[in-house]
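Working notes, structure below.
Laboratory data are not the source of any read-out in this text; all were calculated from the coordinates shown. This structure is a prediction, so every number in the text was calculated from the model and none was measured. Backbone-built Cβ (ideal geometry, glycine too); neighbour counts: all protein chains shown.
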Amino acid sequence: MDFQEIVWMRQMVSLFPNALFVHKFVTVLTLNHQSEEAKFWIARMKKIVSDSDYLTAKEMWKKQGERNKIFKEVDWPA
């Protein structure tokens, strides 16, 4: 994604912060080598979604890491 698309996605996630949107945004950030912001959004997600949604997103992240090593660069806290 280019810079403007990431800016747009950041705005959408800020307006509609749910586990699915945040997970997708963290994926985009990671693929675009913006791991520090990805970690910020993971921490934010933990505060705003249910525990079950957070754990589901965490499991999805783990599966992504099995397919693509770039996802292992961003730790997903417990």
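Computed about the Cα centre, the dipole magnitude for the chain is approximately 160 debye when only Lys and Arg (+1) and Asp and Glu (-1) carry charge, each at its Cβ. Using a cutoff of 8 angstrom between alpha carbon atoms and counting only pairs six or more residues apart, the relative contact order for the chain works out to 30 percent. The gain in end-to-end length when the Q11 to I48 segment is fully stretched comes to 11.7 nm, 0.36 nm per residue minus the alpha carbon separation.
Points 7 angstrom from Cα along the Cβ direction at M1 and K69: gap in nanometres? Modelled inter-label distance: 2.5 nm. Considering only W41, G65, F25, the residue lying farthest towards the positive end of the dipole of the chain is G65, judged by Cα position with unit charges set on Cβ.
Available extension along the chain between N32 and N18 is 2.9 nm, counting 0.36 nm per residue and deducting the alpha carbon span.
Our analysis of the chain gives Rg over Rh at 0.94, with the two radii drawn from alpha carbon positions and Rh computed by the Kirkwood formula.
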